[in-house]
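Presented below is the structure to which this report refers.
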Amino acid sequence: MPTTLLPAMTHSLLPRRRVLAAAFIAMPALLPGAWAQSGRRPLTPAQSEGPFYPVDLPDDMDHDLLRNGALRYTRGQPAWLDGVVLDPDGRPVSGAEVDIWQCDQDGRYHHPGDRGRADPAFQGFGRVRVGADGQYRFRTLRPAPYSGRTPHIHVKVRLGARELLTTQLYVEGDPGNERDFLWRRLDPQQRALVTVPFEPGADGVRARFPIVVGA
């Protein structure tokens, strides 16, 4: 009996094996590594807030950090920072507010922790509300280093009363990144999401920072 049934059993198993092989070949589309290829976007990684979110919001907190009231900041390298706020499916998060804050060219923040030593001409903090397309834009300073940290810009995103993200933005290729304890805590994929080039432009440099949040 085994000699008569074995060919039939082998023949019946072949189609099943072909099905399993085809499923195995297709499996990468279901694995985490292929998640981004499906059209979904990875969330922008969160990082710590400090230092120094303003204790009191300034009177002037518009998109232009190089003007503080009637004063104009002329030190350092002017920069445009723009981007879009999206959810993981690529939909703009309309109505979200984006805050940025950073130190001046001497590494000083507008915060009591810096004892009022920041240059008053540098606004240091800005806020914009994104429109239906999710776009935001700031005029600011290419981030400067200060003791113990690589150049960075702090970023916070809110939607109504909900805080969606607090993170930090880094300058691609800056030699201080490899020594920075917060940058080094990120894995390579996370670093790529918060480290962007500041490229030469007509009036300074420009950086584009897309933000993906779980709205």
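What follows is calculated from the coordinates using simple rules that are stated; it is not laboratory data. Remember, it's a predicted structure, so these values are computed and weren't measured experimentally. Cβ atoms come from the backbone with ideal geometry, glycine included; neighbour counts cover every protein chain shown.
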*asked:* Would the stretch 48-156 count as rounded, prolate or oblate if I go by the C-alpha gyration tensor, calling it rounded below 1.5 in a/c and otherwise prolate when a/b exceeds b/c, oblate otherwise?
replied: prolate
*Could you pull out which residues in the stretch 135-166 have an amide N less than 11 Å from a spot 7 Å beyond the Cα of residue 203, following the Cα-Cβ vector?*
139-140
_Using the basic label-point model (7 angstrom from Cα toward the beta carbon), what is the residue 172 to residue 53 distance in nanometres?_
2.9 nm
*Could you calculate the FRET efficiency of residue 67 with residue 40 from 1/(1 + (r/R0)^6), where r is the beta carbon distance between them and R0 is 35 Å, rounded to 0.05?*
0.35
